[in-house]
Amino acid sequence: MREDIIQALQSEVKTRCESPDNFFGEGIYYHIEAVVKNSVFLAEKYGGDIEIVTIAAWLHDIASITDYKYYEEHHIYGAQLAEEILPILMKV
């Protein structure tokens, strides 16, 4: 697993969670962190790709924490943001 990408993604999410523009407040980071832990547990149990599951879990609320206007359709906007974020992190 590319730990450098995972760490960079975790840092990016944390920074966005700490932003004063984040409607949900810093506490949303703990929700996302819990989703990551549970996702990895389930991937290990059922033979999922841990790297892909970990990345998806870190990104699952990225649109909502970036801009509340994306909340209702954060699953769509989150995919678009992932397309922007992941190529940058792949260069880390």
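Values in this text are rule-based calculations from the coordinates and carry no lab data. Note that this is a predicted model, so its numbers are computed, not measured. Neighbour counts run over all protein chains shown; Cβ positions are idealised from the backbone, glycine included.
Some points to look at:
- Counting only residues that are surrounded by fewer than 19 Cβ atoms within 10 Å (Cβ to Cβ) and in contact with a Ser or Thr (Cβ under 7 Å, 6 or more places away or on another chain), the stretch 30-52 holds 1 of them.
- The numbered conditions (1) within 21 Å of residue 19 (Cβ to Cβ); (2) more than 14 Å from the chain's Cα centre (by Cα) are all true for residue 62 except (2).
- Subset of the stretch 6-22 (residues that are polar (S, T, N, Q) and not in a loop (DSSP other than H, G, I, E, B)): 7, 10, 11, 15
- Residue that is farthest from residue 49 (Cα to Cα), among those in the stretch 13-39 that are in contact with a helix residue (DSSP H, G or I) (Cβ under 9 Å, 6 or more places away or on another chain) and of a type in the set (A, V, I, L, M): 28
- The set of residues in the stretch 38-67 that are within 15 Å of residue 13 (Cα to Cα) and of a type outside the set (Gly, Ala, Ser) comprises 54, 55, 58, 59, 60, 61, 62, 65, 66, 67.
- Some residue of the stretch 61-69 being at negative phi, polar (S, T, N, Q) and part of a helix (DSSP H, G or I): yes
- Qualifying residues in the stretch 3-29 (those that are of a type in the set (Phe, Trp, Tyr) and in contact (Cβ under 8 Å) with a residue 24 or more places away in the chain) - the one surrounded by the most Cβ atoms within 10 Å (Cβ to Cβ): 24
- Residues that are out of contact with any Phe, Trp or Tyr (no Cβ under 9 Å at 6 or more places or on another chain) and either among the polar types (S, T, N, Q) or surrounded by fewer than 19 Cβ atoms within 10 Å (Cβ to Cβ) (or both) within the stretch 54-68 comprise 54, 56, listed in sequence order.
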